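J.: Got a structure here, written out as structure tokens. Questions coming.
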Amino acid sequence: MTSLTAPVHHAPLLPRPILLLGLAACIVLSSCSKPRADSADVIVLQSGRMRGNVYPLALQNLAPLQHYPYLAGYVKRVREEAAKTGAKVVLVDLGDSLGGSFASLATGYGNMVGFFNETGYDFVVLGNLDNNIPSAALAQLNPKVLCPFAAPDGRPATAGTQFAARADLAGLPVEVLANFYGDTPREQAPERFPTWFGDTPGNVEPVRDYAAIAQKLGPRPPGTLTLLTWMKFESPKNPPAAFLAQLGKLGVDAILAHRIYSGRERDAWSEETFYNWKPPVSENILRDNGGFTIARLDLKRDGNSWRVLRQQLLPMTANTAPADAAVVRKIALFADQIRRADKPLGDLSEAMPEDQILLGYLAALTEVSGTQIAAYSRQSIRDEWPAGPLTASRVYNSLPWSTPLVQLTLTPAQVDRLGKISGMVLLKRQDLPAGQPAVVTTSRFFASLLSQELGLPADAIRDAARGAEFDYFLAWLSKAPQPLAFAAPAGWTIEDPRGR
């Protein structure tokens, strides 16, 4: 199996929101058609990677810029315009949107369920970062929920989800197939694929056999619009010919793609390497991991196929559309719930850097019963703590993970392998017997990666009975003496490849 050279615990969180300079008006991709006299029969709108950043406007001190009112407002405006021409509107979220914020944690994902339902989404796809969303929360969603990962028994990895779904939208049959990472095999990038997902404790695989999935939906109604969602689309320079041919045989009419765009990338908006693929690609470029853009695809029925009239990428700001007042009112109902959860933990006289937070978290892990080695990655600490009041939401911004704490017993050679994973830092008991196995406490994410890399048996990972990692750290901090100052506990030695 490919070695783990640069694992990423979770994809980056939303940074502090910034205005999308240069995108204040609608940005039409270079492949867009010139305006046509004929109007669209179908308008497909896609969002993605919101990371739960839907807060009541009264709590902008926690998340200053909120774009969701304008996203909902734009959808409303498009539907009103489409009603005048008879066009149908399809609204899809491509994933990584339900969790990732303190608001989602505090409301049990109610903020995102309320947003999706009130805005009227038709389909919501789960991304790899949605692997910890409870089935009970998903069951509250009105849109059809799709999962691109399969359990060992062949069923969707999360109960109540589907690999593909079909819906009749005011007389238009629409079929959506969920995909993660195109046709890329897990072995090519093992750190990017979840090893567990939802209700499935391990050995989940990305869906690839779309012919069998489509067949289970039954005969396709005449005039069906068939879409494939492609999470983690990375603008390949050469179209994957075999994969596209497979999609063509399945009758896929368009691909809805999703990638993160960094402001450091040059000419990202003028690339034309995939706009003319067959099937055509509608790509949502998520600038600086901001997540609040909509990709719009206007289609015209052309015999038995669809013709692209327009591809457009739009930032969701007040310049794009007026705020949707109904959605704003819906999310405002969660304000008190979020305030109660944002418990004070103390005051910091100066900012605490990420390395110090990591040391404090490792010290917390050493107190889990049976721990001989505490292990965690510096890449998983996402933000420093600013000077001033420290509250639960600020802690969550630095450690936004709700995966459980686990333990596994490793040989000295396996511990050595763990310590060589990029970014990993260890706290070791000084009295560890030489040459003997050691009990390691870490997150389920890292344990799953290591278990897969080393070929450990399925029962190698044991629940540490301490719940989710953020919840555990929050409880530990609540009991920590003030002022907060972290150091390696007595009898423990830190091992950091960077020597800090």
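The values are calculated or read from the model by the stated rules, or taken from the named source; none is laboratory data. Being a predicted model, the structure only gives us computed values, none of them experimental. We place every Cβ from the backbone using ideal geometry, glycine too, and count neighbours over all the protein chains shown.
J.: State all residues of region 245-268 that are basic (Lys, Arg) and modelled with pLDDT of 75 or more; if no residue qualifies, say none.
T.: Once the filter is applied, which keeps residues that are basic (Lys, Arg) and modelled with pLDDT of 75 or more, region 245-268 yields 249, 259.
J.: May I pose another question? From 62, 105, 91, grab the single residue that is farther than 23 Å from residue 216 by Cβ, outside the structural domain of residue 391 (by TED's automatic domain parsing), aliphatic (A, V, I, L, M) and part of a loop (DSSP other than H, G, I, E, B).
T.: Unique residue meeting the criteria: 62.
J.: Does region 108-117 include one or more residues that are modelled with pLDDT under 95 and in contact with an Asp or Glu (Cβ under 8 Å, 6 or more places away or on another chain)?
T.: So far as region 108-117 goes, no, none of its residues is modelled with pLDDT under 95 and in contact with an Asp or Glu (Cβ under 8 Å, 6 or more places away or on another chain).
J.: Take residue 73 and decide whether it is at pLDDT 90 or above, within 17 Å of the chain's Cα centre (by Cα) and surrounded by 16 or more Cβ atoms within 10 Å (Cβ to Cβ).
T.: no
J.: Of everything in region 231-243 that's within 23 Å of residue 295 (Cα to Cα) and loosely packed, with under 11 Cβ neighbours inside 10 Å, which residue is modelled with the lowest pLDDT?
T.: Per the criteria, the residue is 237.
J.: Would you be able to say whether some residue in region 378-388 is within 26 Å of the chain's Cα centre (by Cα) and surrounded by fewer than 16 Cβ atoms within 10 Å (Cβ to Cβ)?
T.: Yes, there is a match, as at least one residue in region 378-388 is within 26 Å of the chain's Cα centre (by Cα) and surrounded by fewer than 16 Cβ atoms within 10 Å (Cβ to Cβ).
J.: I would also like to ask the following. Take residue 183 and decide whether it is on the phi < 0 side of the Ramachandran plot, in contact with a helix residue (DSSP H, G or I) (Cβ under 7 Å, 6 or more places away or on another chain) and among the acidic types (Asp, Glu).
T.: yes
J.: Still on this structure: If you check residue 95 against the conditions, is it touching an Asp or Glu at 6+ places or on another chain (Cβ under 9 Å) and not hydrophobic (A, V, I, L, M, F, W, C)?
T.: Yes.
J.: Among the residues in region 117-125, are any more than 13 Å from residue 50 (Cβ to Cβ) and either crowded, with 22+ Cβ neighbours inside 10 Å or without any contact (Cβ under 8 Å) to a residue 12 or more places away in the chain (or both)?
T.: yes
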